[in-house]
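The values are calculated or read from the model by the stated rules, or taken from the named source; none is laboratory data. Just so it is clear, the structure is predicted and the values come from calculations on it, not from any experiment. Cβ placement follows ideal geometry from the backbone for every residue including glycine, while neighbour counts extend to all protein chains displayed.
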Amino acid sequence: MGLIQHVDPVLMAVLSVTPTRTASAPAFSETATLESTTSCINLRTTSDDLCEQPFAVFHSDFEQVLGKTPSLRVVAQETSFPFAHEAGIWIPSTRECFFTSNQYYESGSSIKKIQISKIQAPKDAGGEYTWEKINPKPDILTANGGVNYKDGALFCSQGYGEKDSGCLVYMDVHPPYESKVILNHFHGRPFNAPNDVVIHPLDGTIWFTDPDYAFIQSLRPIVRLPNQVYCFNPETGNVRVVTDGIERPNGISFSPDLKTCYISETHASDGLGGKIDDVPGTIYAYDMVRSPASTKPDRPYILVNKHVFAFADAAAPDGIKTDTNGNVYSGCGDGIQVWDSDGILIGKILIPGGSANFCFTDPHVILAFNETRIVEIRLNATGTIVKY
């Protein structure tokens with residue numbers, strides 16, 4: 001039977017049972033496959049709770065992404081807390097990936113905790129991964145998204161309580177994991193909850209999203225700024241808003257040619273585990289251009305021409321990455337969805353329970369964070385890993 005299933009877009013256009021407005025939204029599995037006369041993607045699971053056919057092809061272009069022998073396996077598991085949720089910072093020099101947990105309470109504590117961990121990747125395919133908790137000095141209380149920055153780990157910290165502001169924190173990736181705050185306010189006003197971050201490789205600026213999830217999730221008592229996306233220049237200290245008008249900006253990524261910026265809107269997830277059907281769960285695309293109004297020789301990059309790139313059918317799109325061919329990947333409620341550069345859904349990597357975020361590591365390898373599991377995906381595509 002193999003791990004790949006092909007979805008017929010013509011059959012998918014009409015559900016076998018017409019949905020009604022009072023019914024729940026169709027599950028992500030309610031589409032049509034060529035392998036079956038039923039109208040359902042094959043979600044039978046194996047003994048380790050993975051789909052028997054996790055690679056769903058919606059367009060023939062996805063076959064090139066997958067290659068002939070894609071594979072998927074669980075490489076780390078911990079059921080006592082949601083240890084694998086966000087970030088995914090690949091450090092090639094040490095072959096380690098740093099990531100963050102979801103929020104949880106340690107036994108006997110009334111304070112929410114987010115744990116930073118790392119996982120060591122084997123040099124050979126099929127080898128064993130090892131993961132361990134790490135404790136930065138000083139601690140990063142509420143780390144979320146992150147990116148490789150100067151061969152270290154740059155985390156978004158959402159802040160906690162009245163005095164611990166949301167910030168960007170740089171962490172050395174070698175013990176004792178010394179950390180340093182590099183930005184913690186917008187001209188005196190505390191950020192809401194920095195969520196995800198990417199580096200522009202041509203000028204070294206740091207671009208990050210700042211939704212109000214810390215307030216929604218009772219980490220912070222008040223919101224002092226709109227939900228916006230920022231650009232920070234660590235060389236000059238300047239921080240500026242690059243876009244607003246997104247209810248909850250979340251994931252952020254650049255196209256491999258650096259002409260497009262993708263930002264995910266996660267308003268469709270309420271931040272408390274629920275889903276809202278009639279609001280955007282959308283990836284927006286912006287053109288990235290040098291400011292035409294600038295009078296300086298080194299004109300800064302700005303975002304123009306916002307438009308809808310894609311709408312995710314299974315919860316909201318969270319973390320975003322691109323591959324070297326310009327395809328766009330996002331963590332969704334059914335795993336990882338993949339669109340071509342025109343915003344056409346070409347395939348899905350189905351993971352029960354979904355994946356908030358993931359990262360490309362070695363060529364042809366993805367690590368997907370599935371709350372209590374880390375899933376290794378091997379395929380033909382290579383990720384666009386931006387380093388500065």
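I'd like the full set of residues that are charged (D, E, K, R) and out of contact with any Lys or Arg (no Cβ under 8 Å at 6 or more places or on another chain), limited to segment 347-387.
Residues of segment 347-387 charged (D, E, K, R): 348, 362, 371, 373, 376, 378, 387.
Lys348, Asp362, Glu371, Arg373, Arg378, Lys387, listed by residue number.
Residue count for segment 285-300, restricted to those that are over 28 Å from Gly335 (Cα atoms) and either surrounded by 11 or more Cβ atoms within 10 Å (Cβ to Cβ) or of a type in the set (D, E, K, R) (or both): 9. Applying the condition of being touching a Phe, Trp or Tyr at 6+ places or on another chain (Cβ under 6 Å) and either within 16 Å of Phe81 (Cα to Cα) or surrounded by fewer than 16 Cβ atoms within 10 Å (Cβ to Cβ) (or both) to segment 142-164 and asking which residue is modelled with the highest pLDDT yields Ala143. Each residue in segment 117-140 was checked for being more than 13 Å from Glu178 (Cα to Cα) and hydrophobic (A, V, I, L, M, F, W, C), and 4 of them qualify. Could you please let me know if Glu265 is surrounded by 19 or more Cβ atoms within 10 Å (Cβ to Cβ), farther than 24 Å from Val65 by Cβ and among the acidic types (Asp, Glu)? Yes.
Quick one: which residue in Asp287, Asp334, Asp277, Asp298 is without any contact (Cβ under 8 Å) to a residue 60 or more places away in the chain and out of contact with any helix residue (DSSP H, G or I) (no Cβ under 6 Å at 6 or more places or on another chain)?
Details: Asp334 fails: without any contact (Cβ under 8 Å) to a residue 60 or more places away in the chain; Asp277 fails: without any contact (Cβ under 8 Å) to a residue 60 or more places away in the chain; Asp298 fails: without any contact (Cβ under 8 Å) to a residue 60 or more places away in the chain.
Among Asp287, Asp334, Asp277, Asp298, only Asp287 is without any contact (Cβ under 8 Å) to a residue 60 or more places away in the chain and out of contact with any helix residue (DSSP H, G or I) (no Cβ under 6 Å at 6 or more places or on another chain).
Each residue in segment 216-249 was checked for being in contact with an Asp or Glu (Cβ under 8 Å, 6 or more places away or on another chain), β-branched (Val, Ile, Thr) and under 16 Å from Ile199 (Cβ atoms), and 1 pass.
Consider segment 359-388 and keep the residues that are within 25 Å of Leu202 (Cβ to Cβ) and part of a strand (DSSP E or B). The one that is nearest to the chain's Cα centre (by Cα) is Cys359. Could you please let me know if Ser255 is polar (S, T, N, Q) and closer than 17 Å to Ile320 by Cβ? So Ser255 fits the description; yes.
Taken together, Asn327, Asn380 contain a single residue that is out of contact with any strand residue (DSSP E or B) (no Cβ under 8 Å at 6 or more places or on another chain) and modelled with pLDDT of 95 or more, which is Asn380.
Only one residue in Asp151, Asp164, Asp172 is acidic (Asp, Glu), more than 22 Å from Ser218 (Cβ to Cβ), free of Cβ contacts under 8 Å to residues at least 24 places away in the same chain and touching a strand residue (DSSP E or B) at 6+ places or on another chain (Cβ under 9 Å), so which one is that?
Result of the check over Asp151, Asp164, Asp172: Asp172.
When Tyr388 is tested against (1) surrounded by fewer than 23 Cβ atoms within 10 Å (Cβ to Cβ); (2) at pLDDT below 95; (3) under 25 Å from Glu52 (Cα atoms); (4) touching a strand residue (DSSP E or B) at 6+ places or on another chain (Cβ under 6 Å), exactly one condition is not met: (3).
Here Ile222 fits the description: more than 30 Å from Glu132 (Cα to Cα), of a type in the set (Val, Ile, Thr) and surrounded by fewer than 21 Cβ atoms within 10 Å (Cβ to Cβ).
Taking the condition out of contact with any helix residue (DSSP H, G or I) (no Cβ under 9 Å at 6 or more places or on another chain), surrounded by fewer than 24 Cβ atoms within 10 Å (Cβ to Cβ) and of a type outside the set (Lys, Arg), does Ser355 pass?
Details: out of contact with any helix residue (DSSP H, G or I) (no Cβ under 9 Å at 6 or more places or on another chain): yes; surrounded by fewer than 24 Cβ atoms within 10 Å (Cβ to Cβ): no; of a type outside the set (Lys, Arg): yes.
It is false that Ser355 is out of contact with any helix residue (DSSP H, G or I) (no Cβ under 9 Å at 6 or more places or on another chain), surrounded by fewer than 24 Cβ atoms within 10 Å (Cβ to Cβ) and of a type outside the set (Lys, Arg).
In segment 253-288, the residue that is nearest to Gln337 (Cα to Cα) out of those that are part of a strand (DSSP E or B) and among the charged types (D, E, K, R) is Glu265. The strands (runs of 3 or more DSSP E) found entirely in segment 301-342 that carry 3 or more residues being surrounded by fewer than 19 Cβ atoms within 10 Å (Cβ to Cβ) and more than 15 Å from the chain's Cα centre (by Cα) are 301-311.
Determine whether segment 273-284 contains at least one residue that is hydrophobic (A, V, I, L, M, F, W, C), more than 17 Å from the chain's Cα centre (by Cα), surrounded by fewer than 20 Cβ atoms within 10 Å (Cβ to Cβ) and modelled with pLDDT under 95. Yes: one or more hits.
With touching a strand residue (DSSP E or B) at 6+ places or on another chain (Cβ under 7 Å), more than 23 Å from Phe358 (Cβ to Cβ) and of a type outside the set (Ser, Thr, Tyr) as the only criterion, which of Asn238, Asn250, Asn227 stands out? Step through it out loud before you land on a result.
On the way: Asn238 fails: touching a strand residue (DSSP E or B) at 6+ places or on another chain (Cβ under 7 Å); Asn250 fails: more than 23 Å from Phe358 (Cβ to Cβ).
Of Asn238, Asn250, Asn227, the one residue that is touching a strand residue (DSSP E or B) at 6+ places or on another chain (Cβ under 7 Å), more than 23 Å from Phe358 (Cβ to Cβ) and of a type outside the set (Ser, Thr, Tyr) is Asn227.
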